[in-house]
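Beneath this line is the structure, given in structure tokens, with notes to follow.
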Amino acid sequence: HARVAVAGPDTPYGEPERVHFPVRQNFEQIAPLLETDAEREQLERLRRWAEDQYVRLLPVLAARKREGFVRECHGDMHLGNMALVDGELVIFDCIEFNDNLRWIDVISEAAFFVMDMEARGQPALAARFLDTYLAHTGDYAGTAVLRYYQAYRAMVRAKVARIRLAQPGLDEREAAEARTQYATYVGLAERYAAPPRPALLLTAGVAGAGKTTGSEGLLAALGAVRVRSDVERKRLFGLPPEARTASAADQGIYTPEAHRRTYARLLELADTVLAAGLPVVVDATFLLPEHRAPFRDLARRRGVPFAILAFEAPEEVLAARVRERAAAGADASEADVEIMRRQLGRWRPPAPEEADRVLRFGPDGGPEAVVRAVHDWLGGGR
């Protein structure tokens with residue numbers, strides 16, 4: 001997506017009415033193929049939702065075109081058009097016959113892949129892909145149209161299944177398979193169309209405490225978007241997540257001014273994701289109350305649940321984890337043992353006014369434990 005052509009302002013591609021035309025067409029083409037009143041009522045609910053979303057998102061869709069996010073994409077990027085050949089991923093069957101279906105918003109293409117992974121029973125992999133995609137592109141503004149495009153893509157595949165079901169000569173097994181596929185994709189579309197449940201969750205703790213690993217499960221369990229300080233700090237300096245700067249404590253990308261700018265950027269992105277109606281996990285150390293307070297205020301303004309996920313571990317465990325991560329060289333974090341120990345000295349635990357918003361996790365607080373605790377906490381009506 002970073003390397004492909006961008007639709008110019010004078011081209012018709014990505015104009016809102018063109019974006020919505022195939023969305024509307026899906027419903028028109030599916031309707032004559034349905035057999036029961038229940039199916040027709042379900043389709044009508046989804047059609048009304050799609051029309052409401054289109055009206056609401058008109059200015060966003062126009063902005064996406066204006067800001068260069070409509071590009072010459074593949075157009076049909078689902079798992080059926082991918083293969084591993086000699087260990088290399090090969091994506092084939094690009095849409096060449098219809099420019100309008102190929103020149104699309106990059107988030108529409110990403111949404112198709114995410115939706116298809118979920119339809120195939122792989123929500124954790126779908127969430128990991130979206131997390132990685134957003135971390136590399138920084139396109140968190142695209143979350144505003146994510147559910148719209150996910151539902152559209154689910155209905156594309158539902159239409160394909162329904163057309164197949166209507167074909168003559170299908171045996172009982174093939175017909176049953178097509179019905180199951182249709183039900184799966186329409187069910188996904190209904191899930192994307194469900195009222196959103198945004199929430200703002202902060203991780204807190206020093207390097208090596210398990211914040212990134214512990215919060216991983218929330219991405220699939222809540223449909224959350226994660227924003228990481230290690231990634232956004234480097235983006236502010238024009239660096240990719242995997243870049244290595246060899247910055248010492250309080251130098252390079254870790255100066256007090258860099259910290260200030262990073263937290264300001266995280267706050268801005270958290271608001272962007274919440275405005276899209278999605279839960280957001282902000283993954284940073286949040287060592288000090290003054291780091292956490294603006295996010296608590298944001299949650300209050302947005303009227304969404306707010307929690308601090310505090311991760312702790314013995315110093316020897318922290319040091320071992322940091323060394324292991326540094327040796328692997330695959331994470332955006334550059335914190336070493338010296339930085340971790342400095343963070344321990346600066347850590348200020350949540351203040352009394354934060355206490356009822358804190359969920360604590362020890363060294364064994366893996367993704368499953370975090371998901372259970374957050375589900376229980378949200379279930380309590382926070």
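Numbers below:
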read-out	value
Inverse mean reciprocal Cα-Cα distance (Kirkwood Rh) of the range 16-193, Å	17.0 Å
Dipole moment magnitude, nearest 20 debye, the range 16-193 about Cα centre, only Lys, Arg, Asp, Glu C-beta charged	540 debye
Simple Cβ-charge dipole of the chain, Lys/Arg +1 and Asp/Glu -1, about Cα centre, in debye nearest 20	1020 debye
Cα centroid separation - the range 1-41 against the range 65-94, whole Å	18 Å
THR245 versus ARG164: modelled label distance in nm, points set 7 Å from Cα along the beta carbon direction	4.9 nm
The chain - mean residue ellipticity at 222 nm from DSSP helices (-39,500 (n - 2.57) per run, n ≥ 4, rounded to 500)	-18000 deg cm²/dmol
Calculated FRET value between PHE129 and ASP376, using beta carbons and R₀ = 22 Å, to 0.05	0.20
Sequence-distant residues sharing a close amide H with LEU309 (under 5 Å, placed H)	LEU202, THR203, ALA204, LEU359
Dipole-positive endmost among GLY138, ALA327, ALA119 within the chain (Cβ charges, Cα centre)	GLY138
Nonlocal amide H pairs with VAL225, under 5 Å, H built at 1.01 Å	VAL280, VAL281
Folded to 0 to 90 degrees: helix 256-275 orientation relative to the chain principal axis, Cα	30 degrees
Cβ-derived FRET efficiency at R0 30 Å, GLU315 paired with ALA355, nearest 0.05	0.80
Full-extension gain in nm, GLU257 to ALA2, via 0.36 nm per residue minus C-alpha separation	88.9 nm
Compactness relative to 2.2 N^0.38 Å, alpha carbon Rg of the range 44-134	1.23
Whole-Hz couplings from phi, Karplus 6.51/-1.76/1.60, listed for the range 208-219; x for Gly and Pro	x, 6, x, 5, 5, 5, x, 8, 4, x, 5, 5
Positive-end residue of ALA264, PRO352, THR285, charge dipole of the range 248-356 with Cβ unit charges	ALA264
Area projected by the alpha carbon convex hull of the range 1-75, averaged over all directions, nm²	5.9 nm²
3J(HN,Hα) from dihedral phi, the range 45-62, Karplus parametrisation 6.51/-1.76/1.60, rounded to Hz, x for glycine, proline	4, 5, 4, 5, 4, 4, 5, 4, 5, 4, 4, 5, 9, 3, x, 5, 4, 5
For CYS73, distant residues with modelled amide H under 5 Å away	TRP103, ILE104
Translational diffusion coefficient (Stokes-Einstein; Kirkwood radius from C-alpha pairs) of the chain at 20 °C, 1.002 mPa s, in µm²/s	95 µm²/s
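FYI, it's all coordinate maths here, none of it is from the lab. All figures in this text were calculated on a predicted structure; none of them were measured in a lab. For neighbour counting, all protein chains shown are included, and Cβ atoms are generated from backbone atoms with ideal geometry for every residue, glycine included.
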